[in-house]
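Worksheet for the structure shown next.
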Amino acid sequence: MQKLIVDGGKRLNGTIRIHGAKNSVLPVLAATLLTNGQSIIHNCPHLSDVDCSVRILKNLGCKVKHVNSSVTVDSSNSDGFEIPDAMMREMRSSIVFLGAIIARHGQARISFPGGCELGPRPIDLHLDSLRQLGVIIEEDHGFLHCKSNGRLNGAKITLSFPSVGATENILLAACTAKGDTMILNAAREPEISDLADFLNACGAKIHGAGGGTILINGVQKLRPSEYTVIPDRIAAATFLAAAAATQGHLILQDVIPAHLSPVIPVFEDAGCEIDIRGREISIIAPRRLQSFKTVRTMPYPGFPTDAQAPVMAASTIADGTSIFIETIFENRFKHAAELMRMGAHIKIEGRVAVVEGNNRRLWGVPVEAADLRGAAALVIAGLAAEGTTEITGLQYLDRGYERLEDLLSGVGASIKRKNIEEDIKK
Ligand code: UD1
């Protein structure tokens, strides 16, 4: 086991290059199954979720190499259609393999996915949508047996909520289906457009991704392709929050500023100066951070739920009261209890958290992360706190941030990773 040790109170100053988007890489890797050949995906960060996708692909009979930031997948000899339970439990995104496996092999056997505990995370929209495309799904003691009679059939699918994962599963299953598929109330996140761009580069005919209505003209087959995924907008938002919490000045390189448009005004409202130049964003935080007023998480183009925890960490030391309304997940305030150990004043009522910043000081204590973005929030709080913060639960952090401590050290933070066993031996 490992922990991060953060000596707080250092002003961050410098340049950080943003890695590729975890939430794009995972469905794009699943999509390589459909191409029946060798695809090369660039800008893939080294994250435990990416490692898990690589293991799933290998388990399905693909040859996969992750060298530097490129993953090469040769799916020509894929013959597997089952994902072992342990791999399904490791991350929620394992569910996006379902659409790809069923389209490629006409059958799939998986169990229910795991991932961060953010409240109930059902997969009903995924399964209902796949059924509409002609997949026959039987549930048996926690396992799903799925099969199709030949190619899937295009359908008109209306999602009751614009689920990111369900939209991705429909894209993966429908692009080689017979006839046309229309998705109404599709998710509009940039990672959906990224997946569609990869599939189109492989010969799919997907129109309107990024909007609420997506049309997919089914094609017979896809060909392999070489593709670069978009930068990670949530990692970028995390560094913006880290700068805001430390009176910092950061330049973030390799971002797509438009993807951060729901986030930038929130930092500007808190008194941060933000400057955009091409694929760079610079943030200069004020000496006294203002409150974030009201932050309501919404599907894209609303404020991302994944940035809620990092921004809450910054709000704990801001001048005034910030209110967070979490509309996407039921149980996404676990970081608040740990922030309170550090001296934050937070009241939670259902899906609303009220943070009394009042220019408060945080102090370093041992804290434990319970989910990915909550882990990032604890790192940010540690950077802002007086004294030493020790953070455990790093298996969550490593799902979504590549070398976070190295990047932060490079811009002036005092942060290092240590094996807990080293402490026990002493
Ligand atoms: C994706 C992102 C995650 C982000 C989330 C919301 C990936 C790998 N993960 O997760 O980082 O926080 O979008 O932007 O891309 N729901 C159902 N039934 C379903 C599917 C979803 O009720 O079948 C509910 C979920 O419980 C949740 C909400 O819809 O309350 C949003 O889920 P969804 O958009 O599907 O998120 P994920 O794809 O899991």
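The values are calculated or read from the model by the stated rules, or taken from the named source; none is laboratory data. Bear in mind the structure is a predicted one, so any value in this text is a computation, not a measurement. As a convention, Cβ positions derive from the backbone with ideal geometry for all residues, glycine included, and neighbour counts pool all protein chains shown. Remember, those area values only see protein heavy atoms, side chains included, never the ligands or the DNA or RNA. Shrake-Rupley method; radii C 1.70, N 1.55, O 1.52, S 1.80 Å.
Shape of region 22-228 from the C-alpha gyration tensor: rounded (a/c under 1.5, with a ≥ b ≥ c the square roots of its eigenvalues). Sorting the segments 259-268, 409-418, 53-62 by their residues' average number of neighbouring beta-carbon atoms within 10 angstrom, most packed first, yields 53-62, 259-268, 409-418. Among the trypsin sites (Lys or Arg not before Pro) found in region 368-411, those both in a DSSP coil and sparsely packed, with 15 or fewer other Cβ atoms within 10 Å of their Cβ, are ARG403. Taking Lys and Arg as +1 and Asp and Glu as -1, the other residues whose beta-carbon sits under 11 Å from that of VAL50 total -1. Dipole check for the chain: with +1 at the C-beta of Lys and Arg, -1 at the C-beta of Asp and Glu, and the Cα centre as origin, the magnitude is about 320 Debye. Pairs spanning more than 22 Å between alpha-carbon atoms, out of LYS10/LYS347; LYS293/LYS347; LYS22/LYS65; LYS3/LYS65: LYS10/LYS347; LYS3/LYS65. Per residue, how much accessible area does region 22-228 have with a 1.4 Å probe, in Å²? I get 38 Å² per residue for this part.
For the chain, the longest principal axis of the Cα atoms and the long axis of helix 372-384 meet at an angle of about 20 degrees.
The residue list ALA313, LEU260, ASN77 was ranked by how far each Cα lies along the charge dipole of the chain toward its positive end, using unit charges on Cβ atoms, and ASN77 comes out on top. Listed by chain and number, the aspartates and glutamates whose alpha-carbon sits under 18 Å from that of LYS156, ignoring those within fewer than 8 places in the same chain, are ASP124, ASP128, GLU168, ASP180. In the chain, helices alone account for a calculated mean residue ellipticity at 222 nm of -9000 deg cm²/dmol, with every DSSP H run of four or more residues adding -39,500 (n - 2.57).
For the chain, the longest principal axis of the alpha carbon atoms and the long axis of helix 233-245 meet at an angle near 0°.
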